[in-house]
1. Before we move on, is residue 255 out of contact with any Cys (no Cβ under 7 Å at 6 or more places or on another chain) and either part of a helix (DSSP H, G or I) or of a type in the set (D, E, K, R) (or both)?
2. Please find, among 364, 388, the residue that is out of contact with any Asp or Glu (no Cβ under 8 Å at 6 or more places or on another chain) and not polar (S, T, N, Q).
3. Among the numbered criteria (1) free of Cβ contacts under 8 Å to residues at least 60 places away in the same chain; (2) at negative phi; (3) touching a strand residue (DSSP E or B) at 6+ places or on another chain (Cβ under 9 Å), which one does residue 90 miss?
4. Would you mention how many residues in the range 250-289 are under 28 Å from residue 16 (Cα atoms) and touching a Phe, Trp or Tyr at 6+ places or on another chain (Cβ under 6 Å)?
5. Based on this model, can you work out whether residue 197 counts as on the phi > 0 side of the Ramachandran plot and either touching a Cys at 6+ places or on another chain (Cβ under 8 Å) or of a type outside the set (A, V, I, L, M) (or both)?
6. Return the residues of the range 272-299 that are surrounded by fewer than 24 Cβ atoms within 10 Å (Cβ to Cβ) and out of contact with any helix residue (DSSP H, G or I) (no Cβ under 7 Å at 6 or more places or on another chain); say none if nothing qualifies.
7. Looking for whichever is in contact (Cβ under 8 Å) with a residue 24 or more places away in the chain, farther than 30 Å from residue 329 by Cβ and of a type in the set (Asp, Glu) here; the options are 386, 458, 372. Which one fits?
8. Being within 11 Å of the chain's Cα centre (by Cα), assigned to a loop (DSSP other than H, G, I, E, B) and of a type in the set (S, T, N, Q) is the filter; apply it to the range 273-321 and report the residue that is farthest from residue 258 (Cα to Cα).
Amino acid sequence: MECISVFDMLKIGIGPSSSHTLGPWRAAERWIKELKTANTFNNVEKITVDLYGSLSLTGKGHATDYAVMLGLCGANPETIPTERINKIITAIKNTNTLSFNNEIEIGFNPKTDIIFNRKFLPFHANGLKLSAICNGKKTSSTFYSIGGGFVIKKERKNSKRNFEIKCTFPYPIDKGTELLQFCSTLNKSISEVVLENEKSIRKETEIDAELKRIWDTMLDSMYTGCHTEGNLPGGLNVRRRAYDMHKTLQGNTPYKNPVEWIYAIRDTEVKFRQILKWVSCFALAVNEVNAALGRVVTAPTNGSAGVIPSVLMYYLVIENHDGNFEDIKKFLLTAGEIGSIFKKGATISAAMGGCQAEIGVSSAMAAGALTELLGGTPEQVLVAAEIAMEHHLGLTCDPIGGLVQIPCIERNAMGAIKAINAAELALDTNPEHVKVPLDKVVNTMWETAKDMHSKYKETSEGGLAVGVYLTDC
C-alpha cells in the first residue's frame with residue numbers, strides 16, 4: 001500500500017504540460033541535487049540533455065526544451081514570474097550560455113545540447129537523460145516523467161506502481177471499495193477521511209493554507225484567461241476565446257480583482273443556456289493560460305487543468321452563493337483522493353493512456369467532488385466519478401502540432417460539462433443498483449490504455465494531429 005497526498009495530485013506549475021513541462025523541470029532540479037550530493041556540481045564543464053519518446057515527439061510544442069533549461073537555471077515553477085520565462089530562454093539562445101542553478105556560467109547551445117531522440121526507452125514513454133562532463137569524465141542520470149508532474153528514476157515491474165514512498169496514512173487507500181469502507185466505519189464523508197490522512201503528515205493550518213494557495217492559483221488562472229485577448233503562441237495562431245465569451249456574459253458589472261469578480265458573476269442574471277457558457281468560459285480560460293506558459297494547477301495534469309476549477313467555480317457562482325472556503329476545501333480534498341485512485345490503479349499520463357488519463361480523470365475528480373458538495377453520499381460520489389470516466393474511455397491524445405491547444409483546450413470545457421452532468425445523474429442514482437463500480441472502470445481504463453496504439457498517446461502521430469494539416473489552422 002502506497003500513499004499519495006492531495007498536494008501530489010494538485011500541484012502549482014507552469015504550462016503547457018505537467019508531464020512534458022513540469023516533470024522535466026523537476027527532473028533537472030533533482031539532477032542538480034544529485035550532483036551537489038556527489039560533490040561534482042562545481043566541476044561541471046558541459047551539459048547535454050537527451051529527450052526520448054513522447055518527450056521528443058511533442059517536446060517542442062509542449063515546451064520541454066524550455067522547461068529543462070529553466071530547471072537547469074534553478075528557476076522554481078511555482079514562483080517564477082511568468083514574464084521572465086521568455087527573457088531567460090532568449091538570453092540562453094543569444095549567448096549560448098546557461099547559468100547553472102543560477103551559480104555557474106556554462107556554455108550551452110540549445111540547438112545542439114538538447115537532443116530530440118525519436119526512440120522510446122523501455123520503462124516509460126516520457127524519458128530524459130541529463131549528462132555532464134565533470135573533470136573530463138561523463139556522468140548521467142535518466143528520469144521518467146510519469147504524468148501530473150511526478151518524476152521517477154526507475155519504473156517498477158508493474159508500470160502502474162510508480163511511487164517511492166510507502167504509505168504512512170492512518171487510512172491507506174488504493175481502491176474505491178477501501179475508501180467507502182473507511183467512510184462507513186468512521187461515519188465520515190470522503191473529504192473528512194482524506195483530511196484525517198493529510199493531518200497525519202502536516203498541521204491542519206498548513207493544509208488550509210496550501211489549499212487556499214491552490215484555489216487562489218486556480219482562480220487567478222480563470223481570471224487571467226477571461227481578461228486576456230489575442231492569439232496563443234506556438235504557430236497555430238489560435239485565438240483566445242474566453243475573453244470574448246466572458247465579455248458577452250459579464251456585461252458591465254464592475255469589479256476590481258478576482259474575489260470581487262466572483263461576487264460580480266453571482267450578481268449577474270444567469271439564464272439556463274448561459275450556465276453552460278459560463279462553465280465552458282472558465283475551463284477555456286484556464287487552459288488558454290496554460291497554453292501560453294502561464295501558471296496553473298495540475299489537476300491532475302496541466303492539459304486537464306481547467307476542469308476542476310471551472311466546476312468548483314460553477315458551484316460557487318451558480319449552485320451556492322453562500323459557498324465559502326470550507327466548501328472549496330471539501331471539494332479539493334475529495335477530488336484529490338479520486339485522482340489518486342486513478343493514479344494508483346491506472347495512469348494520469350497521456351503518453352501512457354491517451355487523453356482518457358487526463359480529461360477523463362479530471363472529469364471524474366470534479367464530478368465526485370461536486371457530488372459531495374451537493375449532498376451526495378460517499379457511494380454517490382464514487383458513482384459520479386465512475387459515470388464521468390465511463391464516458392471518456394478510449395479518448396485519444398492527438399494534439400495538433402504537438403501543442404496543448406487543439407483539441408486540448410475545448411476538451412476541458414467538455415470534461416467540465418460532463419462532470420456536472422455526472423454529478424446530477426449520481427445524485428438521482430441508488431448506488432445499490434449500479435452495475436459498474438468505480439474500481440471496475442479504473443481497471444478498464446488501464447486495460448484500454450495498454451491496448452491503445454502508441455500513435456494515440458501524446459505522440460502527435462495519429463488522430464487529429466495527422467488528420468488536420470497545419471495549413472488548415
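1. no
2. 388
3. All conditions are met except number (3).
4. Selection size over the range 250-289: 3.
5. Criteria not met by residue 197.
6. Hits for the range 272-299 are 272, 273, 292.
7. 458
8. 301
The values are calculated or read from the model by the stated rules, or taken from the named source; none is laboratory data. Remember, it's a predicted structure, so these values are computed and weren't measured experimentally. Cβ coordinates were reconstructed from backbone atoms using ideal geometry, including for glycine residues, and neighbour counts include every protein chain displayed.
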